[in-house]
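Chemist: There's a structure below that I have some questions on.
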Amino acid sequence: MDQTIKYIDTRIQLATDIDNLSLKDLAYHRKAEYLLYKGEVEHALNLHNKALSFFELIEDENMYNDLKSDWVKCKEQFDIK
């Protein structure tokens, strides 16, 4: 499990290097889920909101709704209010 954050951070860096904001913000969302699992709720919420706002900005309604749904499921799974 400790390697998970390294893989996510690598994904963020690679997405940054190729200037792909969609991949970068999707990786932010995944990192937020991981941080929520680790109990870092405030940091997780900040990253989740960053990712969500990007997909709202580019008007990708499907991805926006998917991220919102994933977030609710993740909060329920980890019993976060």
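The values are calculated or read from the model by the stated rules, or taken from the named source; none is laboratory data. Quantities reported herein were computed from a predicted structural model and do not represent experimental measurements. To get the accessible areas, we keep the full protein, side chains included, count just its heavy atoms, and leave off ligands, DNA and RNA. Shrake-Rupley method; radii C 1.70, N 1.55, O 1.52, S 1.80 Å.
Chemist: Would you confirm whether any residue within segment 11-29 is in a helix (DSSP H, G or I) and β-branched (Val, Ile, Thr)? Give the derivation first.
Modeler: Of segment 11-29, the ones in a helix (DSSP H, G or I) are 11-17, 21-29.
Cutting the leftovers down to β-branched (Val, Ile, Thr) gives us 12, 16.
Taking every residue of segment 11-29 in turn, at least one turns out to be in a helix (DSSP H, G or I) and β-branched (Val, Ile, Thr).
Chemist: I've got another one for you. What single numbered condition from (1) among the β-branched types (Val, Ile, Thr); (2) closer than 25 Å to Phe78 by Cα; (3) open to solvent by 90 Å² or more (accessible area, probe 1.4 Å) fails to hold for Ile18?
Modeler: (2)
Chemist: Can you report the number of residues in segment 48-63 which are in a helix (DSSP H, G or I), among the hydrophobic types (A, V, I, L, M, F, W, C) and open to solvent by 20 Å² or more (accessible area, probe 1.4 Å)?
Modeler: Let us first name the residues in segment 48-63 that are in a helix (DSSP H, G or I), namely 48-57, 61-63.
Restricting the remaining residues to those that are among the hydrophobic types (A, V, I, L, M, F, W, C) gives 51-52, 54-55, 57, 63.
Retained after the next criterion (residues that are open to solvent by 20 Å² or more (accessible area, probe 1.4 Å)): 52, 54, 57, 63.
Selection size over segment 48-63: 4.
Chemist: Scanning segment 64-81 for residues that are open to solvent by 60 Å² or more (accessible area, probe 1.4 Å) and of a type in the set (Asp, Glu), which turns out nearest to Tyr28 (Cα to Cα)?
Modeler: Filtering segment 64-81 for residues that are open to solvent by 60 Å² or more (accessible area, probe 1.4 Å) and of a type in the set (Asp, Glu), the one nearest to Tyr28 (Cα to Cα) comes out as Asp66.
Chemist: Could you list, in sequence order, the residues of segment 30-40 that are part of a helix (DSSP H, G or I) and open to solvent by 60 Å² or more (accessible area, probe 1.4 Å)?
Modeler: Result: Arg30, Tyr37, Lys38.
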